[in-house]
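The values are calculated or read from the model by the stated rules, or taken from the named source; none is laboratory data. Everything numeric here is computed off the predicted structure, so don't read it as measured data. Cβ sites come from the backbone with ideal geometry, for glycine too, and all protein chains shown count toward neighbours.
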Amino acid sequence: MNKIISTIRSRPPWFYLVIFLMMIAPGVLLFFVAEGDSQIGMTIFLSLIVLGNSLTAFS
Amino acid sequence: MMFILAIAPIIIILVLMVGFRWKASRAGGAGYLAALLIAWIWFGINLETLAYAHAKSVFLIMDVLLIIWTAFLLYRVVAEAGGIDVLSRTLPHLTSDKGMQALLIGWIFASFLQGVGGFGVPTAVIAPILIGLGFSPLSAVVIPSLGHTWAVTFGSLGASFNAMMAATGLGWEVLAAPAGILLGITGLLVGIAVAWVVGGWKTIRRIWLPVFIIALGMSTAQYLTVTNGLWNIGGLMGGSAGLIIGIPLAWIYQGKNKSSEKINWRELLIALAGYGVLVVLTLVIQLVPGLKTALSQFKLGFTFPETITAAGYVVPAGPGRQLYIFRHAGMILLVSSAAAYLIFKSAGWYQQGALSRIFKSTGSRVIGSSVGITSIVMMAVIMQHAGMTDTLARGFSNSIGWFYPAIAPWLGALGAVMTGSNANSNLVFSALQLRTSEILELPAAIILAAQTTGGALGSVAAPTKVIVGASTAGMEGKEGEILRKLLPIIGVLLLLVSLITILWVYLL
């Protein structure tokens, strides 16, 4: 666990790649769930984007 | 109260980046979270509006990132082959006059490098060359830092200008001409500033004529390129025009010690081949009848419904940013990179493992800033949909009023200093500048030209760029010394841009 945390803190390129995909893919999907008026879908995908931003800001 | 809340995410980014030295990616994430919370609690944004805002932002982000990724890829393709080294070796042999060396390398070549690469490359490449020619490390950092500013907006293959178009929804037909004019004037001003750094008024008096001729050539080339729809190669064409004009002028102003070394023109032409392909491809797409329409058949994008917050702020229905994949500047850059790679490969300029090194260095260089841009664009679009941008614009228009045109470039500069780039500044502030100019009934295109010119000037004083410059000149830990020299000059240039903007808005 400690090894994973220290790797994330060193911010290797793959960390940024994962975060980037975590924000972009749900961003596109949000359009479709909003069109379908799915409250659960919107909550899940927005949470993923919030999590991605939280990880970049505070990890 | 609402004004303070609306400006809080921007202040948070500023404080974290400047005060706590956080990277843009980290500070952007914090700014995003602050914007989301404030929009939710105080501005009454609902889940559906948030969902559409995020989906809209993805297309803005991809529009900007496709250019940034592929522009850096092309730069790496050329640099890995040694193309940048060839240019760096050749130019100093043309003149031994210190003033002309500074103009040719620190102004023209820096502008050319900004046109094709950007991302701090001009200062990183040029500072060591100038030190090798006998300039002090401080001057070696300050000269290219100033020299490339005017080419920032249309440099990096138009990434900053594209960001402004994406954030405002306005096309190049509206934005290019005023930006081309204001940046062109700035080009002359930074040429004079470069001469001043070399030797004060004495040097300006000695080389004012080449400064004027080169500035006129570079600015005109950039203006004509961008006002004909080729905004992605505006900086490249400006820099190229500078090289075409500057090289003969350097021969005329050779100084006392004439160089006996012969220039290898074949080598120079191969080194420039990658960018030659880019120019040709861009021209072909723009000029061959029917080709642009054929390439525009395939596009990605959504049409968004009207959204309304609990506070009653409405964003009307309409199409979001459309991505025309096959005629996108990023696609042209990708094809140019492939063509350049094949040219260098067939000329035997690559060593083993070059392709892997190109992709690795491109990926590791752009991925961090991509996350930062993603967070900042998402933040800006949330602020727009929540009515926060509108609140800021109304606050500025009420408190500053008629004097706003003079403030516009300073806002752009502030954005660039805090986010590290002109593109980010345009993403954060362009919508605000547009809305404020609408409320005050000012010409939006001129205000946005002032925004991006200020952003271009401010970007060189961004802590990240200063650190890059200091490290390449062996001045680690002396960043404050560089800023002390750089900031007063940038301040004077911004004052002049403010003055020009206010005169342009009210008198012309």
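One table, with the values for the structure above:
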| read-out | value |
| --- | --- |
| Residue within segment B:487-503 that is of a type in the set (Val, Ile, Thr) and farther than 30 Å from residue B:140 by Cβ present | yes |
| Subset tally (residues that are closer than 22 Å to residue B:166 by Cβ and either surrounded by fewer than 16 Cβ atoms within 10 Å (Cβ to Cβ) or at pLDDT below 80 (or both)) for segment B:301-322 | 12 |
| Test: residue in segment B:300-310 that is part of a helix (DSSP H, G or I) and in contact (Cβ under 8 Å) with a residue 24 or more places away in the chain | no |
| Evaluation of residue B:399 against (1) touching a residue at least 40 places away in the same chain (Cβ under 8 Å); (2) under 13 Å from residue B:7 (Cβ atoms) (one fails), failing number | (1) |
| Residue satisfying all of: in segment B:432-452; surrounded by fewer than 24 Cβ atoms within 10 Å (Cβ to Cβ) and closer than 26 Å to residue B:24 by Cα; farthest from the chain's Cα centre (by Cα) among these | B:435 |
| Residue count for segment B:37-58, restricted to those that are more than 20 Å from residue B:370 (Cβ to Cβ) and either within 7 Å of another protein chain (Cβ to nearest Cβ) or not aromatic (Phe, Trp, Tyr) (or both) | 13 |
| Members of segment B:152-168 that are over 8 Å from the mean Cα position of the chain (by Cα) and β-branched (Val, Ile, Thr) | B:168 |
| Residue B:457 being modelled with pLDDT of 90 or more, crowded, with 16+ Cβ neighbours inside 10 Å and assigned to a loop (DSSP other than H, G, I, E, B) | no |
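Let's see how each residue does on (1) touching a Cys at 6+ places or on another chain (Cβ under 6 Å); (2) farther than 20 Å from residue B:109 by Cβ; (3) modelled with pLDDT of 95 or more:
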{"position": "B:170", "(1), (2), (3)": "no, yes, no"}
{"position": "B:188", "(1), (2), (3)": "no, no, yes"}
{"position": "B:203", "(1), (2), (3)": "no, no, no"}
{"position": "B:207", "(1), (2), (3)": "no, no, no"}
{"position": "B:210", "(1), (2), (3)": "no, no, no"}
{"position": "B:239", "(1), (2), (3)": "no, no, no"}
